[in-house]
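Notes for the one structure printed next.
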Amino acid sequence: MKNVLVLLSVIALLFMTACNEAKDSPKGEANAQKKTLRLACVAYNEPEVQAGVKALEGMGYKVEVIVLQNATIMFEALDNNEIDASLHAHKPWTDSYNNTKSKNIVMLMPYIHKNVFGMFSTRHKNVSEIKECASIAIPQDESNMGRSLFLLQELGFIKLKSGVTNPTDIDIESNIKKIEITKLDAQQVISAIRDVDAVCNAKLYLVSNKVTDYTELAQSGDLDKFGVGFTVANVNKDAPWTRDLIKAYTSEEVRGVINALYKGGSVPGF
């Protein structure tokens, strides 16, 4: 009898240890049904994130929306389990962060919105009006510069080196129209729109800066590549709450908020 009691005690101890390990481990946390969701955004897209809160609350969640400064801070917070999901960075930026930092932040699908990119001008009404030696301002950051150069190639202004996937200005093989390219901070590109023949940039910068006296000369054909979805730590990618999150943010109500908020600068991704 004594041996049986000892055996049962050992089994109970092992069971409690296993339960505690599961509870304390990231996997255990990911598999648990969460009751509170901490969702991060930047100030500008907070209305978009707020738009799905009511639906999540209807599913039994308590939702906390946290405004952070940028995607890097969000991803660090995801990695440290300080937030559960964030909505701000597009897919190429997320992939670049993972490669640079050796991290594994996961973007959930489908996208919630997609960022429109194009060529805009206050001087011209059509691309054909832009002649040789015209001045064009583009963003100097990696992803937006790449989008700009691919768009300029699509329009026949330049030719890029073959096989380049993330071009910079040094990858211009031929400047067919002899355009003068000026690289600026993405925000400064918008400020320069009246000083150059055209700018290439994300349309959202025009919308957020309330610039209205411009013509959209062209739109890039890479809209599907630059989608923005909720990002989570890898351990949470298959957690039950992520399915509820996507369900809450792929509704007609959220679609309407996206269209009203971004005014064509970003479009629904679902």
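The values are calculated or read from the model by the stated rules, or taken from the named source; none is laboratory data. This is a predicted model, so every value here is computed, not measured. A quick note on method: Cβ atoms are made from the backbone with ideal geometry, for glycine too, and the neighbour counts reach across all protein chains shown. Heads up: the accessible areas ignore ligands, DNA and RNA and are worked out on the full protein's heavy atoms, side chains in. Shrake-Rupley method; radii C 1.70, N 1.55, O 1.52, S 1.80 Å.
Summary of values
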| quantity | calculated |
| --- | --- |
| Formal net charge of residues neighbouring G60 (Cβ-Cβ distance under 11 Å; K, R +1; D, E -1) | +1 |
| Base-10 log of normalised Debye intensity for region 88-167 (one unit scatterer per alpha-carbon) at q = 0.27 Å⁻¹ | -1.40 |
| Over region 25-163, relative contact order from alpha-carbon pairs under 8 Å, at least 6 apart, % | 18 percent |
| Stokes-Einstein D (µm²/s) once Rh is taken as the Kirkwood radius of region 138-270 over alpha-carbon pairs, at 20 °C in 1.002 mPa s | 126 µm²/s |
| Folded to 0 to 90 degrees: helix 2-24 orientation relative to the chain principal axis, Cα | 20 degrees |
| Backbone N under 12 Å from the K183 label point (7 Å along Cα→Cβ), restricted to region 129-155 | 138-146, 149 |
| Sequence of K91, K101, K210 when ordered by accessible area, the most exposed leading, probe 1.4 angstrom | K210, K101, K91 |
| Surface per residue (accessible, 1.4 Å probe) for region 127-207, Å² | 46 Å² |
| Accessible-area value, H113, 1.4 Å probe, nucleic acids and ligands omitted, Å² | 10 Å² |
| Where a label projected 7 Å from the Cα of E82 along Cα→Cβ would reach, residues of region 42-68 with amide N under 13 Å | 66-68 |
| Degrees, to the nearest 10: 252-262 long Cα axis against longest axis of the chain | 40 degrees |
| Inter-label distance, nm, simple model (7 Å from Cα along the C-beta direction), E129/T165 | 3.9 nm |
| Candidates per GluC sites (Glu not before Pro) in region 113-160, loop by DSSP, up to 12 other Cβ within 10 Å | E132 |
| Relative contact order [Cα under 8 Å, 6+ residues apart], region 180-270, whole percent | 34 percent |
| Shape call, region 201-265: gyration tensor on alpha carbons, a/c limit 1.5 | prolate |
| Antiparallel bridge percentage (DSSP; both residues within the chain; nearest 5) | 55 percent |
| Cα→Cβ-extended label distance, 7 Å offset, between K54 and A260, nm | 1.0 nm |
| DSSP beta bridge pairing in region 85-206, given as percent antiparallel to the nearest 5 | 45 percent |
| Accessible surface of the chain [probe 1.4 Å, protein heavy atoms]: carbon and sulfur percent | 52 percent |
| Charge tally in the Cβ shell below 12 Å around E82, where Lys, Arg are +1 and Asp, Glu are -1, E82 excluded | -3 |
| Cα-projected label distance for M109 with D95, points at 7 Å along beta-carbon direction, nm | 1.2 nm |
| The chain, relative contact order in percent, only Cα pairs under 8 angstrom and at least six apart counted | 28 percent |
| Net charge contributed by nearby residues that have their C-beta within less than 15 Å of N45 (K/R +1, D/E -1) | +2 |
| Cα-based Kirkwood hydrodynamic radius, the chain, one decimal, Å | 21.0 Å |
